[in-house]
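**Student:** My structure is below; once you've seen it, I'll send some questions.
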Amino acid sequence: MILYGIPNCDTVAKARRWLDQAGIDYRFHNFRVDGITAEQISAWCDRVDWTTLLNRRSTSWRKVPADQQKSIDQQSAIALMVEMPTLIKRPVLDDDGLLEVGFKPERYTELLTK
């Protein structure tokens, strides 16, 4: 199981704390240190809609020029997320067939405690 994100993100910190308290083993992938590839994001887009991955509420999104925001499609979104990984909604939890974007404690409980 891999949890993708950035360590100073409050939501990522909450997800990490939840996983630690639940005793669930995972590896943390820091976008800023470890990077992210277009291939990885494309693979995620095969499992969830690209609009779910693109965080349009982030401060990074506000830095994207308006004309680029208006003409965004999957390919340009993937390129932008590779260039600025902080545009990826966080955290992304990837465990074989499971891909969960964002963090809600009740959703993690539903998915990860059986």
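Here, each number is a calculation from the coordinates, and none is a lab measurement. Predicted model only: the values in this text are computed from it and were never measured. We place every Cβ from the backbone using ideal geometry, glycine too, and count neighbours over all the protein chains shown.
**Student:** Mind listing whichever residues of segment 29-56 are among the hydrophobic types (A, V, I, L, M, F, W, C) and either part of a loop (DSSP other than H, G, I, E, B) or surrounded by fewer than 17 Cβ atoms within 10 Å (Cβ to Cβ) (or both)?
**Tutor:** Hits for segment 29-56 are Val33, Ile36, Ala38, Ala43, Val48.
Residues are listed down the side, and each one gets a yes or a no for (1) over 13 Å from the mean Cα position of the chain (by Cα); (2) within 19 Å of Asp96 (Cα to Cα); (3) small (Gly, Ala, Ser):
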position: Ile6; (1), (2), (3): no, no, no
position: Leu19; (1), (2), (3): yes, yes, no
position: Gly23; (1), (2), (3): yes, yes, yes
position: Tyr26; (1), (2), (3): yes, yes, no
position: Ile36; (1), (2), (3): no, yes, no
position: Ile41; (1), (2), (3): no, yes, no
position: Cys45; (1), (2), (3): no, yes, no
position: Ser58; (1), (2), (3): no, no, yes
position: Arg62; (1), (2), (3): yes, no, no
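**Student:** How many residues, within segment 64-95, are in contact (Cβ under 8 Å) with a residue 12 or more places away in the chain and either within 14 Å of Cys45 (Cβ to Cβ) or outside any helix (DSSP H, G or I) (or both)?
**Tutor:** 19
**Student:** Go through (1) surrounded by 12 or more Cβ atoms within 10 Å (Cβ to Cβ); (2) among the hydroxyl-bearing types (Ser, Thr, Tyr); (3) closer than 15 Å to Ile6 by Cβ for Thr59 and report which single condition fails.
**Tutor:** The failed condition is (1).
**Student:** Since Leu111 meets every condition but one in (1) touching an Asp or Glu at 6+ places or on another chain (Cβ under 9 Å); (2) buried (at least 17 other Cβ atoms within 10 Å of the Cβ); (3) part of a helix (DSSP H, G or I), which condition does it not meet?
**Tutor:** Every condition holds for Leu111 apart from (2).
**Student:** Taking Ile24 and the conditions (1) of a type in the set (A, V, I, L, M, F, W, C); (2) out of contact with any Leu (no Cβ under 7 Å at 6 or more places or on another chain); (3) surrounded by fewer than 16 Cβ atoms within 10 Å (Cβ to Cβ); (4) in contact (Cβ under 8 Å) with a residue 24 or more places away in the chain, which numbered condition does it fall short on, given that it satisfies the others?
**Tutor:** That leaves (2) as the condition not met.
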